[in-house]
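The values are calculated or read from the model by the stated rules, or taken from the named source; none is laboratory data. Everything numeric in this text was worked out from a predicted model, so none of it was measured. In this analysis, Cβ positions are derived from the backbone assuming ideal geometry, glycine residues included, and neighbour counts consider all displayed protein chains. Accessible surface areas use protein heavy atoms only, side chains included; no ligands, DNA or RNA. Shrake-Rupley method; radii C 1.70, N 1.55, O 1.52, S 1.80 Å.
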Amino acid sequence: MSRSVKLFAFLATAGLLIAACGDSGPSAPGAQQSAPGTAASPAPAAPAAGRPAPGGTLTFVLENDVINFDPLVSRAFVDRNVHYQIYDSLVRIDAAGKIIPWLAEKWEFSDGDKTVTLSLRKNVTYHDGTAFDADSVKWNIDRYRTAKGSARSGELASIDTVEVVDPSTVRFKLKAPFAGLLANLVDRAGMMVSRKAVEAGGEDFTRKAFRAGTGPFILTEAIKDDHMTLEKNPNWWGTDKDGNKLPYLDKITVKPITNSDVRLTNLKTGDAHVGNNIAGKDVAGVKAEGTLVYQEKPGLSFASIIPNRAPGFVFEDARYVRAVSMAIDRQEIHEKVFFGVGAIGYGPIAPPHFAFDPAFKPFPKADADGAKKLVAEVGKGALTFEFLVSSGDPQTLQLAQLIQAQLAKAEITAEIKQLQFSEILKLQDEKSFKGATLIGWSGRIDPDGNTYDHVFTDRPFNDSSYSNADVDKALDEQRATTDEAKRKAALRKAEQTMVVDDPARIWYRFGVAQLITVKALQGLEPYPDQLIRFQFAWLKK
Amino acid sequence: MTQYVIRRLLLMIPVAFLVTIIAFGLLRLAPGDPVLVYAGEERDPVSLQELRVLYGLDKPLPVQYIVWLQHAVRGDLGRSLRTRQPVSEAIIERLPATLELGLAAIALSTSIALIVGTIAAVKRNSFVDLLTSSITLAAVSLPNFFLGLILILVLGLALRMFPPGGYVPFLEDPGDNLRRLVLPAITLATASMAVNLRQVRSSLLDVFSHEYIRTARAKGLRESTVIARHAMKNALIPIVTLIGLQIGSVIEGAIITETIFFWPGVGRLLVDSITGLDYPVVQAVVLVSALSFMLSTLAVDMLYAWLDPRISYGRSRT
């Protein structure tokens, strides 16, 4: 299976093994330190023991090779692990998931939230020596918005024009207020790339090692399927709380290893120093291992079963969807398939989100009798549906079989059909699958990214063909304001409808952000997006 | 001779053409949409449509094929749908790993076949002959995906004699490179070793029954000279054919072994590209491996003439 496909299948079905711990899970949305909203420099992530010492080289085992270094066309999660080291975004998040200043030192919404003015950090240069300024921001954002085949155009669709006010101020005029815009600028849509590097290298500017970001590390070597070398950017603008220049490390070697067991072996033997993804079955062993430190934090991802709710299909009747949601034993899935790593979930809004409601537990226990009653109420006999599962992935099949067994207790028959992942994707995109599929979402920083496009009528990821006027209305409301209290109320209202009253999907779990380090490695902590902030890392001598 | 070679080379063109049509057609029959596969979570319909246009996937199939062919004859094999890397670059990048593995396996299988096969032929019906016959029968019956896993389990994981998989470029760490080469090379060599060995044995036996061998022995030549100078050269023709074909099929021969041992060669590239519906890569790899097969059969035919002066090409027609 192609590696990106494998990764995606994995994310989609297993709902990110990268999964959260059950006990610390949903109720503690990252109560760690968070940088103040207008801080001039990023604060070191964790209050580490001892004083950070500059220098050192470490090896990072990554779950796959990077597919594309250009944020414009990057579509794989794995890419971002390296993007975050070589590029800076306009804004970033802290370890608690809150948006913090980065290349933009501050921002202001005006004109009824239809204008955003960003004040940019001064004296920042790209790795190739060109200056970062407002012109550069405009060029980048326009490139992401308009380039053919851009993977970023959707994230920036709310922007109408980008204006350069002065060299360190840029203004986005929006078509309509969009509360999720800043969160989109945290990631690839907000990553700033040197215009000179792109124009000189064309489509292939990232093909060989290149100097195009402003980030804490420079990519000096990239050997396909073997390793990448990131070297310290001595001119990076960030400092720690004592004013020492970041990053501390001289060099990072990134080794892509797709096999989770092999990654873990490398960490155990000390050949590698840090990883951010191990299989659930290994977590207990790593915690017990004396040489390694295991940290985790609730993630932004969710896993779900997608019924086809379009007219003419089995799940057109909402009661059937609810019956499945009631009959599933989420606790058992959590324990048996995911080894207790991750968190039980009921909807799309994840624990790190401001709108997350820890008390929202509409299906706290499997209720086979309740499900039977609902199916009987529809009055069309027993519920039987086709359950598409991608072939070649034993864990997904195991998950599907467990769900099948649980549904059987409520006399619901799930007929498992294994297909190539690419074929399932196509059926899902055409919305022509007969019953249900298993798919997840890697999660977005703003809850809008976990909801809107997935359930709003006719939006791109609305694979269940769901349409509910109340949900559409509530989701539009939360988009139109930057007032968090109002947004929270609207999002929770929409969630109640799309999960319980007129269910769009069957959500069953949240993922986790893992971080596995050797003892000597200090300064790192997991972030909800699972990406490692290597600028804070240092090695204890 | 030159005319013969030219004729053979010209004959390759229609064959290669057919191969590309078959590869193109079969791949398009596989269900799924590559754009959806590579879009990952970024499934914005506008962007997807742009990608289809960009990759030329919006055009009718015959047009797509002709466009591809036009570029291919000029040496441009297109770009991977997944990584946008030029396909020729992707293949060249992985070729050293495949060649290293393939040639190591052929060298291993050939040398063992020649030595053991000769012994078995000379000592026909002895205990050694019986033993090699049974071992080769087992080796040829053992599928390499199974043998590979057994080797990983026993030598890689239980005894920890060799790394269970992975690849390190030779220039970076020659020792590690060779250590990692051992298991996949044995896996790949086993089946062909068995076939080659039986071939060596039977053609030597065949040659031994000829009168010129009796003559050579009657002249009072030492047995070793009889075997090396008289028997071997004449017995080599079928063996050269076999080995030549094995060299020509080094890419497809290594598909399974490369996948099992996580060996970053062209075979694994092909497997990944098939499941990922990366059309341009699959088409190019199939074409390259077909060409290498055809060229190696031609080389084998050339070798015949050298090995056996009675065989000549072209002259018979004039």
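Please go through the range B:100-114 and pick out each residue that is closer than 30 Å to B:Leu204 by Cβ and either open to solvent by 10 Å² or more (accessible area, probe 1.4 Å) or in contact with a Ser or Thr (Cβ under 6 Å, 6 or more places away or on another chain) (or both). Those that are closer than 30 Å to B:Leu204 by Cβ and either open to solvent by 10 Å² or more (accessible area, probe 1.4 Å) or in contact with a Ser or Thr (Cβ under 6 Å, 6 or more places away or on another chain) (or both): B:Leu103, B:Ala104, B:Ile106, B:Ala107, B:Leu108, B:Ser109, B:Thr110, B:Ser111, B:Ile112, B:Leu114.
Scanning the range A:144-177 for residues that are open to solvent by 30 Å² or more (accessible area, probe 1.4 Å) and either of a type in the set (Asp, Glu) or part of a helix (DSSP H, G or I) (or both) yields A:Arg145, A:Thr146, A:Glu155, A:Asp160, A:Glu163, A:Asp166.
Of everything listed in (1) more than 14 Å from chain A (Cβ to nearest Cβ); (2) in contact with a Lys or Arg (Cβ under 8 Å, 6 or more places away or on another chain), the single unmet condition for B:Ala254 is (2). Listed by position, the strands (runs of 3 or more DSSP E) enclosed by the range A:51-118 that each have at least 1 residues that are among the charged types (D, E, K, R) and away from chain B (no Cβ under 14 Å) are A:91-93, A:104-110. Can you name the residue in the range A:427-442 that is of a type outside the set (A, V, I, L, M, F, W, C) and in contact with a helix residue (DSSP H, G or I) (Cβ under 6 Å, 6 or more places away or on another chain) and is also farthest from the other protein chains (Cβ to nearest Cβ) among such residues? Checked the range A:427-442; the qualifying residue farthest from the other protein chains (Cβ to nearest Cβ) is A:Gly435. Being hydrophobic (A, V, I, L, M, F, W, C) and in a helix (DSSP H, G or I) holds for only one residue in A:Val375, A:Val389, and it is A:Val375.
If you go through the range A:112-154 and keep only what is touching a residue at least 24 places away in the same chain (Cβ under 8 Å) and among the hydrophobic types (A, V, I, L, M, F, W, C), you end up with A:Val116, A:Leu118, A:Leu120, A:Val124, A:Phe132, A:Ala134, A:Val137, A:Trp139, A:Ile141, A:Ala147, A:Ala151. Name the single residue that is farthest from A:Asp113 (Cα to Cα) among those in the range A:430-478 being open to solvent by 20 Å² or more (accessible area, probe 1.4 Å) and β-branched (Val, Ile, Thr). It comes out as A:Thr457.
For every residue, the table says whether it meets (1) over 30 Å from B:Trp306 (Cβ atoms); (2) part of a helix (DSSP H, G or I); (3) touching a helix residue (DSSP H, G or I) at 6+ places or on another chain (Cβ under 9 Å).
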position	(1), (2), (3)
B:Leu151	yes, yes, yes
B:Pro164	yes, no, yes
B:Leu204	no, yes, yes
B:Ile213	no, yes, yes
B:Gly220	no, no, no
B:Ile227	no, yes, yes
B:Leu236	no, yes, yes
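Residues being among the acidic types (Asp, Glu), in a loop (DSSP other than H, G, I, E, B) and at pLDDT 95 or above are entirely absent from the range A:455-466.
Taken across the range A:489-504, residues that are open to solvent by less than 20 Å² (accessible area, probe 1.4 Å) and not in a helix (DSSP H, G or I) do occur, with at least one present.
Of all residues in the range A:212-231, those that are farther than 16 Å from A:Ile532 by Cα have Cβ atoms under 6 Å from Cβ atoms of residues that are surrounded by fewer than 19 Cβ atoms within 10 Å (Cβ to Cβ) and of a type in the set (S, T, N, Q), 6 or more apart or on another chain, in A:Thr220/A:Thr229; A:Glu221/A:Thr229; A:His227/A:Thr253.
Considering every residue within the range B:132-155, establish whether at least one is within 14 Å of chain A (Cβ to nearest Cβ), within 24 Å of A:Lys255 (Cβ to Cβ) and not aliphatic (A, V, I, L, M). No, the range B:132-155 has no match at all.
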